[in-house]
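Scroll down for the structure; my scribbles are underneath it.
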Amino acid sequence: MLARFSRMVVLGVAVVALASCAPVQHPDGTATHTDDFGTPVGTRQVREGGELVMGLSAEPDKLDPTTSSSLYTRYVMGSICEKLYDNDASGNLVPQLATGMPTVTDEGLTVTIPVRNDIKFADGSAFDATAVKTSLDRHFGMKGSQRTSEMGPIAGIEVADSSNVVIRYKKPFAPITAALADRAGMILSPAALAKDEGKNFGDNPVCVGAFKFVKRVPQTSIIVERDPLYYDAKKVHLDKITYRIMIDANIRASNLRSGDIQVADTISPQDVDALAKNPDLKLVQSGSLGFQGIFINIGNVDGVGKPTKQIDTPIAKDARIRQALSLSIDRNTLVDTVFNNWFEPACSAIVPKSTFATPAGTECPAYDPKKSRELLKEAGVQTPYPITLQVTTTQDQLRMAQALQANVAEGGFELKIVPVEYSTLLDVQKKGTFEALMLGWSGRLDPDANITRFFGTKSPGNYVGYSSPSVDALLQKAAQSTDTAERAELYGQANQAMAKDTPYVYTYRLRLLTVHTTKVTGVEVYADGVVRLGKAAFVVDKG
């Protein structure tokens with residue numbers, strides 16, 4: 001499980017802090033793992049220059065923070081595109097391109113963000129409040145944006161002066177600072193956006209970052225190089241980073257051992273124990289803010305963002321069938337056997353030891369295949385009830401799907417597994433061309449981005465076409481409050497309501513496992529899931 005969270009309110013904006021390096025407890029009888037987020041270079045002797053190669057476990061989608069929905073895009077964008085705010089290793093929200101935390105006035109309706117005005121984008125354009133407004137307007141209002149719901153009910157965005165941006169709200173929105181610590185807070189070069197009205201920004205992204213984009217070879221690699229215009233260039237040591245697409249976990253592990261790559265993400269639980277014992281390698285690990293599970297398509301017929309339409313299948317129309325699927329999953333056994341005790345069961349979007357956790361918010365459905373069959377009988381469907389499940393082609397995901405297939409058979413289901421390449425599966429998710437789909441979410445500090453994004457009626461991330469006025473009301477009320485206890489209670493109520501509808505079946509929570517060679521340092525991974533390489537470096541060879 002994740003380390004403990006503590007509550008912090010900054011100028012009226014509620015945020016959450018994660019205690020660094022606290023022990024992470026697994027279920028009784030399983031292994032205990034300790035968080036190690038990596039360490040900054042600090043005073044360690046390093047050499048300047050060099051090319052670092054990272055083995056990336058999946059291909060990112062388009063490198064456009066407005067439309068992206070991939071964790072792996074966050075890896076790459078993290079080195080080339082800074083945000084107004086960031087998470088630190090302890091889970092605190094800290095300024096990055098902003099110069100301080102937001103000031104919230106007018107009973108929560110006005111949020112003023114102080115921003116830098118003395119730095120430049122990678123193309124030499126000036127960074128100031130006007131540039132910030134341009135990006136925030138795009139993230140919030142552009143057709144196809146995945147950021148709109150994350151930013152809340154905005155009435156307008158204004159430039160107060162060159163150093164201050166003002167967001168005006170129709171209703172208070174407490175999660176905004178946390179949202180601006182992710183892609184909604186990435187600020188894009190206005191000059192680059194002006195080309196082709198920004199339609200092709202993702203082909204040649206330009207931001208403020210330690211590195212700048214060089215080129216992308218689809219399904220092969222993405223290359224970035226040091227940006228000499230970066231405001232903190234003295235802390236950037238590498239000349240170049242190559243993100244090499246290496247979907248096969250065994251190949252990533254082999255390349256780590258051989259030294260052909262220096263960093264690899266998403267290490268398989270099948271490999272991690274052996275790699276961790278290798279004296280030439282270092283394991284960086286963290287609990288996760290996210291979750292994994294199964295999306296069940298209820299009403300996404302014409303694509304996400306379009307009006308929902310009831311899908312005419314039993315599982316889409318009858319919540320009892322979806323509840324039965326959840327009851328037929330033995331989460332503890334699956335996690336222990338498939339993932340060698342490295343991961344843990346997940347039952348909701350609420351992180352178990354966060355300040356937003358309540359019994360109602362983290363309650364897990366019992367494994368009850370008998371009850372599952374009773375519900376299927378009540379629903380009047382023939383058993384075994386068939387479900388087509390699309391899943392990524394990675395070995396761990398296929399292994400999980402196959403174990404799940406055997407597991408749910410006892411509860412009266414027959415899973416047909418359809419392997420799909422990760423980037424294609426993201427498109428399938430958005431288009432709604434699925435019955436059931438196994439994907440997760442890397443997670444955010446504020447629960448609004450873990451819940452409302454997927455289940456708010458008008459959210460651009462509502463891939464299942466779920467709509468519940470009562471759930472919407474609970475989520476909106478929670479987002480308007482800065483009282484953590486009140487928000488936690490409301491999210492608990494929302495979770496209970498969604499458990500009855502079961503538009504998504506939570507299965508497990510990852511441990512973030514990244515390995516790098518001891519020839520490099522400064523590689524950091526926090527609970528938000530992003531592998532940070534911007535300040536990494538090769539160590540001086542003492543030989």
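Assess whether residue 457 counts as being hydroxyl-bearing (Ser, Thr, Tyr) and under 21 Å from the mean Cα position of the chain (by Cα).
Working: hydroxyl-bearing (Ser, Thr, Tyr): yes; under 21 Å from the mean Cα position of the chain (by Cα): yes.
In short, yes.
Only one of 69, 20, 6 is of a type in the set (Ser, Thr, Tyr), part of a loop (DSSP other than H, G, I, E, B), in contact with a Ser or Thr (Cβ under 8 Å, 6 or more places away or on another chain) and modelled with pLDDT under 95. Can you tell me which? Reasoning before the result, please.
Details: 69 fails: in contact with a Ser or Thr (Cβ under 8 Å, 6 or more places away or on another chain); 6 fails: part of a loop (DSSP other than H, G, I, E, B).
The conditions single out 20.
Let me confirm something: among 448, 427, which residue is of a type in the set (D, E, K, R), on the phi < 0 side of the Ramachandran plot, in the same structural domain as residue 481 (by TED's automatic domain parsing) and in contact with a helix residue (DSSP H, G or I) (Cβ under 6 Å, 6 or more places away or on another chain)? Spell out how you get there, then give the answer.
Working: 427 fails: in contact with a helix residue (DSSP H, G or I) (Cβ under 6 Å, 6 or more places away or on another chain).
Residue meeting the stated conditions: 448.
Name the one entry in 324, 349 that is under 23 Å from residue 290 (Cβ atoms), aliphatic (A, V, I, L, M) and modelled with pLDDT of 95 or more. Talk me through it step by step, then tell me what you get.
Numbers: 324 fails: under 23 Å from residue 290 (Cβ atoms).
Of the residues listed, the single one that is under 23 Å from residue 290 (Cβ atoms), aliphatic (A, V, I, L, M) and modelled with pLDDT of 95 or more is 349.
Among the residues of region 35-64, which ones are touching a strand residue (DSSP E or B) at 6+ places or on another chain (Cβ under 6 Å) and either farther than 28 Å from residue 343 by Cβ or of a type in the set (Gly, Ala, Ser) (or both)?
Listed by number, the residues that qualify are 38, 41, 44, 46, 47, 50, 51, 55.
Restricting attention to region 361-377, does a residue exist that is under 27 Å from residue 461 (Cβ atoms) and either among the polar types (S, T, N, Q) or buried (at least 21 other Cβ atoms within 10 Å of the Cβ) (or both)? Before the answer, list the steps.
The initial filter retains those residues of region 361-377 that are under 27 Å from residue 461 (Cβ atoms), namely 361-365.
If we keep only those that are either among the polar types (S, T, N, Q) or buried (at least 21 other Cβ atoms within 10 Å of the Cβ) (or both) too, we end up with 361-362.
Scanning region 361-377, I find at least one residue that is under 27 Å from residue 461 (Cβ atoms) and either among the polar types (S, T, N, Q) or buried (at least 21 other Cβ atoms within 10 Å of the Cβ) (or both), so the answer is yes.
Which of (1) of a type outside the set (A, V, I, L, M, F, W, C); (2) surrounded by fewer than 22 Cβ atoms within 10 Å (Cβ to Cβ); (3) under 30 Å from residue 357 (Cα atoms) does residue 255 not meet, given it meets every other one?
Of the numbered conditions (1) of a type outside the set (A, V, I, L, M, F, W, C); (2) surrounded by fewer than 22 Cβ atoms within 10 Å (Cβ to Cβ); (3) under 30 Å from residue 357 (Cα atoms), the odd one out for residue 255 is (3).
Each row is one residue, and each column tells you yes or no for (1) among the charged types (D, E, K, R); (2) touching a residue at least 60 places away in the same chain (Cβ under 8 Å); (3) outside the structural domain of residue 520 (by TED's automatic domain parsing); (4) on the phi > 0 side of the Ramachandran plot.
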{"position": "276", "(1), (2), (3), (4)": "no, yes, no, no"}
{"position": "304", "(1), (2), (3), (4)": "no, yes, yes, no"}
{"position": "312", "(1), (2), (3), (4)": "yes, no, yes, no"}
{"position": "320", "(1), (2), (3), (4)": "yes, no, yes, no"}
{"position": "326", "(1), (2), (3), (4)": "no, yes, yes, no"}
{"position": "330", "(1), (2), (3), (4)": "yes, yes, yes, no"}
{"position": "337", "(1), (2), (3), (4)": "no, yes, yes, no"}
{"position": "340", "(1), (2), (3), (4)": "no, yes, yes, yes"}
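Find the residue count for region 506-534, including only residues that are part of a strand (DSSP E or B) and not basic (Lys, Arg).
14
Given the criteria outside the structural domain of residue 131 (by TED's automatic domain parsing) and without any contact (Cβ under 8 Å) to a residue 60 or more places away in the chain, does residue 236 qualify? Let's see the steps before the verdict.
Numbers: outside the structural domain of residue 131 (by TED's automatic domain parsing): yes; without any contact (Cβ under 8 Å) to a residue 60 or more places away in the chain: no.
For residue 236, the condition - outside the structural domain of residue 131 (by TED's automatic domain parsing) and without any contact (Cβ under 8 Å) to a residue 60 or more places away in the chain - is not met.
List the pairs whose first member sits in region 189-200 and is farther than 16 Å from residue 80 by Cβ, whose second member is in a helix (DSSP H, G or I) and of a type in the set (Ser, Thr, Tyr), and whose Cβ atoms are under 7 Å apart, counting only residues at least 6 apart or on separate chains?
Short answer, once both residue conditions are applied: 190/134.
Surrounded by fewer than 15 Cβ atoms within 10 Å (Cβ to Cβ) and among the aliphatic types (A, V, I, L, M) - does that describe any residue in region 168-182?
No: region 168-182 contains no residue that is surrounded by fewer than 15 Cβ atoms within 10 Å (Cβ to Cβ) and among the aliphatic types (A, V, I, L, M).
Give me the helices (runs of 4 or more DSSP H) completely within region 274-349, filtered to those with at least 2 residues that are closer than 19 Å to residue 510 by Cβ and over 23 Å from the mean Cα position of the chain (by Cα), ordered by residue number. Lay out the reasoning, then the answer.
Details: elements: 314-317, 319-327, 331-338.
Output list reads 331-338.
Residue by residue through region 397-420, note down the ones that are without any contact (Cβ under 8 Å) to a residue 24 or more places away in the chain and buried (at least 16 other Cβ atoms within 10 Å of the Cβ). Outline the logic, then answer.
Quick first cut of region 397-420, residues without any contact (Cβ under 8 Å) to a residue 24 or more places away in the chain only: 398, 402, 405-406.
Listed by number, the list holds a single entry, 405.
Report yes if residue 451 is in contact with a strand residue (DSSP E or B) (Cβ under 6 Å, 6 or more places away or on another chain) and touching a residue at least 12 places away in the same chain (Cβ under 8 Å), otherwise no.
On the way: in contact with a strand residue (DSSP E or B) (Cβ under 6 Å, 6 or more places away or on another chain): no; touching a residue at least 12 places away in the same chain (Cβ under 8 Å): yes.
Judged against the criteria, residue 451 is not a match.
Among (1) closer than 30 Å to residue 479 by Cβ; (2) surrounded by 22 or more Cβ atoms within 10 Å (Cβ to Cβ); (3) touching a Phe, Trp or Tyr at 6+ places or on another chain (Cβ under 7 Å), which single condition is residue 428 missing?
Evaluating residue 428 over (1) closer than 30 Å to residue 479 by Cβ; (2) surrounded by 22 or more Cβ atoms within 10 Å (Cβ to Cβ); (3) touching a Phe, Trp or Tyr at 6+ places or on another chain (Cβ under 7 Å) leaves (2) as the failure.
Could you list, in sequence order, all residues of region 451-466 that are surrounded by 18 or more Cβ atoms within 10 Å (Cβ to Cβ) and either within 21 Å of residue 178 (Cα to Cα) or small (Gly, Ala, Ser) (or both)?
In the first step, residues of region 451-466 are kept if they are surrounded by 18 or more Cβ atoms within 10 Å (Cβ to Cβ); the result is 451-456, 459-466.
Selection gives 451, 452, 453, 454, 455, 456, 459, 460, 461, 462, 465.
The values are calculated or read from the model by the stated rules, or taken from the named source; none is laboratory data. The structure presented is a predicted model; accordingly, all values stated were derived computationally and were not measured. Because the Cβ atoms are built from the backbone with ideal geometry, glycine has one as well, and the counts that use them run over all protein chains shown.
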